[in-house]
């Protein structure tokens, strides 16, 4: 009797493994999603503009932002997948105060390679990312500039500054599939990226361009560090993606 029960248990485990393999073998292994997570970064820029307006005494700060991300994921094993992601973000900032009328457009393009691990082989995943990002700041208008001799001039600016970044990141998320083998996918996730910049910062490039100090928010080092490392190339990342599994 004991041998019969043992054989029955082994047979049940073996059949379960076969069915699990069968389910994965016949399931759809491609997932394409689109998300507007980068637009949340534009919202963070609007918030930073509001904070700067209140803390630096500048009342006329306008901000806007829009972004989109696209991702293709290939399920290699039941618990392991590889993915590639491309994202674009544009954000604008304009300041109008006495002596300074400046507008800035920030453009960011990002390409990422991701590895995902699904501990249960289903919904929840943990991911790691390696990527590249290019950030371009285009600033134009009139600004008050403090020259090395102490004089203050109102100077017209037309200035562009590029910056390249190596990106590293981690992410936790849930890929919810609506359909047995294929169909609609909803994927909320939360992560954090670190951007390692190469070359001069945008602030350093501006200082070299104008040979002086720009007043207001456009001359603030903390502002540019936030733009580079906590909004565009790094910082927290929240996404709500929709797509198809096929």
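Only residues that are more than 17 Å from residue 163 (Cα to Cα) and surrounded by fewer than 18 Cβ atoms within 10 Å (Cβ to Cβ) were counted in the stretch 216-246, giving 7.
Can you find a residue that is modelled with pLDDT under 85, assigned to a strand (DSSP E or B) and in contact with a helix residue (DSSP H, G or I) (Cβ under 8 Å, 6 or more places away or on another chain) anywhere in the stretch 190-208? No: zero hits. When the stretch 64-79 is filtered for residues that are surrounded by 14 or more Cβ atoms within 10 Å (Cβ to Cβ) and within 19 Å of residue 122 (Cα to Cα), the ones remaining, listed by number, are 71, 72, 73, 75, 78, 79.
Being touching a strand residue (DSSP E or B) at 6+ places or on another chain (Cβ under 9 Å), part of a strand (DSSP E or B), free of Cβ contacts under 8 Å to residues at least 40 places away in the same chain and more than 30 Å from residue 208 (Cα to Cα): is that true of residue 170 here?
When the stated conditions are applied, residue 170 does not pass them.
Select, from 102, 76, 89, 82, the only residue that is at pLDDT below 95 and over 23 Å from residue 158 (Cα atoms).
76
For the stretch 218-225, indicate whether the set of residues that are in contact with a helix residue (DSSP H, G or I) (Cβ under 7 Å, 6 or more places away or on another chain) and not in a helix (DSSP H, G or I) is non-empty. There is no residue in the stretch 218-225 that is in contact with a helix residue (DSSP H, G or I) (Cβ under 7 Å, 6 or more places away or on another chain) and not in a helix (DSSP H, G or I).
Mind checking whether some residue in the stretch 145-156 is in a strand (DSSP E or B), under 15 Å from residue 214 (Cα atoms) and within 31 Å of the chain's Cα centre (by Cα)? No, that holds for no residue. With respect to (1) within 30 Å of residue 96 (Cα to Cα); (2) crowded, with 19+ Cβ neighbours inside 10 Å; (3) out of contact with any helix residue (DSSP H, G or I) (no Cβ under 7 Å at 6 or more places or on another chain); (4) at pLDDT 90 or above, the lone exception for residue 163 is condition (3). Within the stretch 117-165, the set of residues being touching a residue at least 12 places away in the same chain (Cβ under 8 Å) and at positive phi comprises 121, 141.
The values are calculated or read from the model by the stated rules, or taken from the named source; none is laboratory data. As the structure is a computational prediction, the values presented were derived from the model and not from experiment. Neighbour counts run over all protein chains shown; Cβ positions are idealised from the backbone, glycine included.
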